[in-house]
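The values are calculated or read from the model by the stated rules, or taken from the named source; none is laboratory data. The model shown is predicted, which means the values in this text are computed figures rather than measured ones. Cβ sites come from the backbone with ideal geometry, for glycine too, and all protein chains shown count toward neighbours. Areas reflect the complete protein model, heavy atoms only, side chains present, ligands, DNA and RNA absent. Shrake-Rupley method; radii C 1.70, N 1.55, O 1.52, S 1.80 Å.
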Amino acid sequence: MVGLQDALFFFGSSYLVATASDTRDGLNSAHQRIIGTTGFRLCDDIPASLIPAGRFMSDTPAVSPSQQSSIMSRLSVMMFLQFFAWGAWFATLGLAMTNKNLGAFIGAAYESAPIAAILAPLFLGLIADRFFASEKVFGCLMILGGIIMFSIPHYANDASAFADASQVQIEEANPTLDAEAIGKLFAKQQAEENSSGNILGWLILAYMLCYMPTLGLGNTIAFTHIPSQDKFPAIRVWGTIGWIAAGLLIGASGWDRTFTIFWLGAISSLALGLFCFALPNTPPPLKGKAINLRSLFMVDAFKLLADWNFLVFAICSTLICVPLAYYYGSTSQYLGNTGFPAAGATMTLGQMSEIIFMLLIPFFFRRLGVKGMILIGMACWVIRYGLFSAGAPEQVTWMLLLAVALHGICYDFFFVTGFMYTDQKAPVEIRGQAQSLLVFLTQGVGMFFGYRIMAAGSFLGIDLGWKIGEYGEQVTTAATLASEIDEARGETNMSFIETFTNMFSRDLPDGVDDQLLSSTMSQWQNFWMFPAIMAGIVLVIFAVGFWDKTKPPVVDAGSDDGSDGTQPSDPLVSSSNPYEPSA
């Protein structure tokens, strides 16, 4: 079920939103949906400056400075709560499930995101955008999602209890087998017999089906009520701050490895749902417009694949999301196994680096062009997984921290550049479809299969437990090691300052079995080598097959609105459109 994550994976609850006819209004809605919604990870998005000034903004009635300040404040709180509610449980879901002996269900839990990312836009384009005020739909979805999330701990605890009892039975029935063999038997039995674990996966999917449409709805509300697009980054950055705050909170409290993350997610979802009714009224943006099935199913955008360079780009973009799923789905439990006491806080280094590298994109994009930027992004993916693999045997702290921090380059240089390239390649009248196609391929298809492969699942009876020799094999003793570490460490209550300090340090307590640690780290080493190899193969394919030299176009600044039929001036070189990070 993830993908996303695998989604958003990710993400793009925006991607099929171009349901209106391909008019200026239709493009307006499509671009509003795309901006800021691709975060798999989460808090990632296209910078607002990608929208040419004055072209895709909704007209807003005149308001006083005090009213505008109030609106900006409410929109910022909305963004903060929206990504806090997601980051509260999603980032360390794998760690919590591993610690509670539910590793067999991690793949299904994470792949709920890409499935929801694929289905949510249909709801947006066919229903929400045509019949109901955006803030009311937003609020109802989050309240329903919060109610669903409140039910998850019950089934999660039942599934964990069943898993613990089953493991004892398997160990007693097979006293001669080693821990790795026991782990394989256990994983197979859980998938077949743990009904509460399967229900857990479906409930997470149900929550994500409520959550994913809100990514697009939130952007519609924001763009409708801000005076200019340049104000959007100042609002959207609060989403990243919310994600980081959630990570620091669950890391400081020790909740990142427990099912308390679901309670926090439920409470914050309900809080956001209720707050939505205090947001300014936002009428349905596509009310009265006919449904254009050609646009809905991206028919014209698929024609772009006839261009060799765009075809290579689209294929490589889809394929690179397979190893990306390994990062989202497995990093938290890996950091926990290596001794990081606040894995949730440690992972926020990735979001912090995103903000920094988002600022650097204009500088590098002008000099390196699309191919150079994407190659650097892909190369960093190879380096990231290589560091995870090389650092496993001795748990080398600097390698693990650098690998997490590289997430900023990995995501920004690849995805943000990719959206910019797509915007330049697509004719003006189908840009919304083209962006939708890219998110569908990456955050939907790529992430979905990425999570399936990561968890050694199957699809339509086809085994996706891919590996190269021992590379890619599942880490069967991660839960056992996590349990030993928690037992040896005991209860920990850290202050915020201590949590921040522990973002950069490891602490493997005394009492952990050395043989178990060595065996588990050997498995992690082999596990991470597989996505490194996959990313390397995609890197070579892209380097050999892609020869588009696209760089930011320099055109007459007097035609920003594109009304003369030409490309609008590039936001990276237009003084009226300064580039600002929004994630």
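Summary table below
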| item | result |
| --- | --- |
| Positions within region 94-115 being within 13 Å of the chain's Cα centre (by Cα) and among the aliphatic types (A, V, I, L, M), in sequence order | A113, I115 |
| Qualifying residue in region 407-427 (condition: in a loop (DSSP other than H, G, I, E, B), over 20 Å from L349 (Cβ atoms) and of a type in the set (A, V, I, L, M, F, W, C)) | yes |
| Residue that is surrounded by the most Cβ atoms within 10 Å (Cβ to Cβ) [pool: residues in region 165-180 that are touching a Phe, Trp or Tyr at 6+ places or on another chain (Cβ under 7 Å) and within 14 Å of T476 (Cβ to Cβ)] | Q167 |
| Some residue of region 359-376 being touching a Gly at 6+ places or on another chain (Cβ under 8 Å), open to solvent by 20 Å² or more (accessible area, probe 1.4 Å) and at pLDDT 90 or above | no |
| Pair list, Cβ < 8 Å and 6+ apart or interchain, from region 307-335 residues that are within 21 Å of F413 (Cβ to Cβ) to residues that are among the acidic types (D, E) | N309/D548; F310/D548; F313/D548; C321/D6; A325/D6; Y328/D6 |
| Leading residue by the ranking (farthest from the chain's Cα centre (by Cα)) among those in region 131-164 that are open to solvent by 10 Å² or more (accessible area, probe 1.4 Å) and of a type in the set (D, E, K, R) | D164 |
| Selection status of S353, surrounded by fewer than 24 Cβ atoms within 10 Å (Cβ to Cβ), of a type in the set (G, A, S) and assigned by the TED database to the domain that holds A535 | yes |
| Yes/no for Y421 being buried (at least 21 other Cβ atoms within 10 Å of the Cβ) and within 20 Å of F530 (Cβ to Cβ) | no |
| Unique match (being over 29 Å from L209 (Cα atoms), assigned to a loop (DSSP other than H, G, I, E, B) and at pLDDT 85 or above) among E473, E484 | E473 |
| Residue in region 274-287 that is modelled with pLDDT of 85 or more, within 24 Å of the chain's Cα centre (by Cα), crowded, with 20+ Cβ neighbours inside 10 Å and not in a loop (DSSP other than H, G, I, E, B) present | yes |
| Test: residue in region 118-127 that is over 23 Å from Q435 (Cβ atoms) and among the aromatic types (F, W, Y) | no |
| Residue in region 317-324 that is of a type outside the set (A, V, I, L, M), more than 24 Å from the chain's Cα centre (by Cα) and surrounded by 24 or more Cβ atoms within 10 Å (Cβ to Cβ) present | no |
| Residue in region 441-461 that is of a type in the set (A, V, I, L, M), farther than 21 Å from G377 by Cβ, open to solvent by 30 Å² or more (accessible area, probe 1.4 Å) and part of a helix (DSSP H, G or I) present | no |
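Matching residues to (1) surrounded by fewer than 17 Cβ atoms within 10 Å (Cβ to Cβ); (2) over 27 Å from S112 (Cα atoms); (3) at pLDDT 90 or above:
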| position | (1), (2), (3) |
| --- | --- |
| I226 | no, yes, no |
| P233 | no, yes, no |
| I250 | no, no, no |
| I267 | yes, no, yes |
| M298 | no, no, no |
